[in-house]
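Below is one structure; the comments refer to it alone.
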Amino acid sequence: MMRPARLAVGVVSAGRVGSVLGAALARAGHTVAAASGLSAASLARAERLLPDVPILPPDETVRRADLVLLALPDDTLAGMVRGLVATESLRPGQIVVHTSGAQGIDVLAPAAEAGALPLALHPVMTFTGREEDLERLAACSIGVTAAADDEAAWNVGEALAVEMGAEPVRIPDSARALYHAALTHGANHLMTLVADCAEVLREAGIGHSERLVAPLLSAALDNVLRHGDRALTGPVARGDAGTVRKHLAVLADRAPDVAPAYRALAKRTVARSSAAGLLDTAAAKDLTELLDDSAEGHQDQ
């Protein structure tokens, strides 16, 4: 694998992701030459994770860099790239990296036209912007995307990921949107699901709800990652329509905001249980009809 030379890194901007990745690159032996940041939180984060690094406007940060790290919200990324090109802040030979999961390298096309090497490096983890994120990088993967026919660029992206302590995984540019949708569905919606679970327990008067469900949810996650659909359990996978009916009734009464999500996920569980051979055709039909009837009844109210 090609190992990048020691690089001057410019971080735009020192948010939760940029500051941590900048610190990871510094730990690997690169030099963070400058960083940009406006908010008080970004400045405090940079002071903690990127000590003694000058805080400069984005264009000046980029001019000092061999490796430009664009750790920006998805909606501002394209405008920043165009702005850096328009101000002639970028130069041929620079490596320009963005960290967006949803974007591929097309968003970096203006930088590539200016002679830069475009890369997308998306760490598959959530960031707090604190020191512990540096250790978490060692247990995560980074989705690497480069131009399809540029093996040298793929190698540079993979080497940077390894230097930051993560495992590189090649993500074709054409797969980035679906890749990010899958990760969002799994991670973000899992958080919503767990928060709903704990809230419903609290509404039922059950204390220490997070402590109660932590072993159950941890085991469920471990089982599905190890065994896939064969790990499915519970009333839907068993075909227990009576229990599901009771759940639908009590949720409609006590947690109506949660009930639609329960129905939608129960229908997906019916489909996956059926495909895995855990649920016979008759039971799957009964459960699907029950869930559809419940949804129609809710809409009629």
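The table for this structure:
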{"read-out": "Rg over Rh [alpha-carbon atoms, Kirkwood Rh] for segment 58-181", "value": "0.95"}
{"read-out": "Average Cα contact separation per residue, segment 144-278, under 8 Å, 6 or more apart, as relative contact order %", "value": "15 percent"}
{"read-out": "Value at 222 nm in deg cm²/dmol, rounded to 500, when DSSP H runs of n ≥ 4 in the chain each add -39,500 (n - 2.57)", "value": "-17500 deg cm²/dmol"}
{"read-out": "Radius ratio Rg over Rh of segment 18-121, counting only Cα atoms, Kirkwood formula for Rh", "value": "0.94"}
{"read-out": "Relative contact order (%) - criterion: Cα under 8 Å, at least six apart; region: the chain", "value": "13 percent"}
{"read-out": "DSSP-defined antiparallel bridges as percent of all bridges, the chain, nearest 5", "value": "15 percent"}
{"read-out": "DSSP beta bridges in segment 61-195 [antiparallel fraction, %, rounded to 5]", "value": "25 percent"}
{"read-out": "Accessible surface of segment 146-301, 1.4 Å probe, proportion on carbon and sulfur as whole %", "value": "58 percent"}
{"read-out": "Relative contact order for segment 9-80, counting Cα pairs under 8 Å that sit 6 or more residues apart, in percent", "value": "44 percent"}
{"read-out": "Whole-angstrom gap from segment 19-56 to segment 209-288, using each part's C-alpha centre", "value": "45 Å"}
{"read-out": "DSSP-defined antiparallel bridges as percent of all bridges, segment 1-148, nearest 5", "value": "20 percent"}
{"read-out": "The chain: angle of helix 259-275 to the longest principal axis, Cα-based, in degrees nearest 10", "value": "90 degrees"}
{"read-out": "Protection-proxy order for peptides 19-25, 261-267, 226-232, each taking the mean of Cβ atoms within 10 Å per residue, highest first", "value": "19-25, 261-267, 226-232"}
{"read-out": "Over segment 231-277 - Rg/Rh using Cα atoms and the Kirkwood inverse-distance radius", "value": "1.00"}
{"read-out": "Cα Rg, Dmax, segment 194-301, angstrom units", "value": "14.6, 42"}
{"read-out": "Exposure of Lys246 as accessible area (Å², to 10), given a probe of 1.4 Å and all protein chains", "value": "150 Å²"}
{"read-out": "Per residue accessible area in Å² of the chain, where ligands, DNA and RNA are left out and the probe is 1.4 Å", "value": "52 Å²"}
{"read-out": "The chain: C-alpha pair distances exceeding 32 Å, %", "value": "42 percent"}
{"read-out": "Rounded tilt (10° steps) of 151-163 against the dominant C-alpha axis of the chain", "value": "80 degrees"}
{"read-out": "Estimated translational D of segment 173-234 in µm²/s (Stokes, Kirkwood radius over Cα pairs; 4 °C; 1.567 mPa s)", "value": "96 µm²/s"}
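The values are calculated or read from the model by the stated rules, or taken from the named source; none is laboratory data. This one's a predicted model, so the numbers in the text were calculated from it and none came from an experiment. FYI the Cβ positions are ideal-geometry reconstructions off the backbone, even for glycines, and counts take in every protein chain you see. For the accessible areas, the whole protein counts, side chains as well, though only heavy atoms, and no ligand, DNA or RNA atoms are used. Shrake-Rupley method; radii C 1.70, N 1.55, O 1.52, S 1.80 Å.
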